[in-house]
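Readers should treat all values here as calculations from the given coordinates under stated rules, not as data from a laboratory. Predicted model, so just to flag it, every value in this text is computed and none were measured. We place every Cβ from the backbone using ideal geometry, glycine too, and count neighbours over all the protein chains shown.
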Amino acid sequence: MNSQQILARFQLSVAANSQPLITHPQKTRRASAVMLPLIDVNNSAHILLCKRPHYLKHHPGEICLPGGKRELNDKNLRDTALRELYEELNINSTHVNVIGQLSEYATLTGFTITPFVGVLNPHTQWLEDPNEVAASFLIPLSALINTDNWQPIPFQRFGKTLTLEGFSTSHGLLWGATASIIKNFTKQLAIPV
């Protein structure tokens, strides 16, 4: 499946009418946004992911989508996602066709993440900011759709055992909020997951 086929299948969700994917009782949540960047390689859609440096205070070494907290200068969360894509991977907004928005995701750590889906121009190149990104890499959407590639990941949180699904990459385990956002995206494509 390439980006044009994705455009034909993608079912936009109206963020104002959707519920967060996970809800946890917390008094205040910090607004953030991520970009789910798609690019075609050999006529097949791939998702561009990042690995966070190990020295960062929050989520060190984790696999993530480009994104971060909303800043005062951001007009809206779409601008937050595009700004973060530029800051982390040096991809200018002129190289991105934002095709939609997924349901908000409330994290265990107190953030509300608004994911945006963007198709990168075919010859887009990127360069990681080493202060924010240890590595960037592509995963074929076809591999992420294959349920055999996902495994249950049990973990402890506040004395309870929770289970999330994880996807093994050459840069580490894709799990948590990022994995949930990607799985929600594949559901929006009406592809069984």
Fewest-first ranking of ARG78, ARG83, ARG9, using other Cβ atoms within 10 Å as the exposure measure: ARG9, ARG78, ARG83
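Work through the residues other than ASN2 whose Cβ is under 14 Å from its Cβ and net out their charges, Lys, Arg +1 and Asp, Glu -1.
Details: positive: ARG9; negative: ASP40.
Value of the local net charge: 0.
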Under Karplus coefficients 6.51, -1.76 and 1.60, residue-wise ³J(HN,Hα) of the stretch 105-113 in Hz, glycine/proline x: 10, 9, 8, 5, 9, x, 10, 10, 9
In whole Hz, with x marking every Gly and Pro, tabulate ³J(HN,Hα) for the stretch 168-173 from phi via Karplus 6.51 cos²θ - 1.76 cosθ + 1.60, θ = phi - 60°. 7, 10, 5, 10, x, 8
Residues whose placed amide H lies under 5 Å from that of ILE153, excluding near-sequence neighbours: LEU164, GLU165, GLY166
Net lengthening on full extension, SER142/ASN121 (0.36 nm per residue, minus Cα-Cα): 5.6 nm
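At most 13 other C-beta atoms within 10 Å and a DSSP loop state: those are the exposed chymotrypsin sites (Phe, Trp or Tyr not before Pro) I care about. Give me the longest piece of the chain that has none. If you can, show how the numbers build up before the last one.
Details: sites that count: TYR55, PHE158.
The longest uninterrupted stretch comes out as 56-157.
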Taking only Cα atoms of the stretch 82-132, radius of gyration then Dmax in Å: 12.7, 37
MRE, 222 nm, helices only [DSSP H, n ≥ 4, -39500 (n - 2.57), over the chain, to nearest 500]: -5500 deg cm²/dmol
Lysine pair number, Cα distance threshold 21 Å (strictly under), the stretch 3-188, separation 8 or more or different chains: 5
Per the 1/(1 + (r/R0)^6) rule, R0 = 25 Å and r from the Cβ atoms of ILE99 and ALA135, FRET efficiency to 0.05 is 0.45
re the chain: pairs of Cα atoms spaced beyond 24 Å account for a percent value of 35
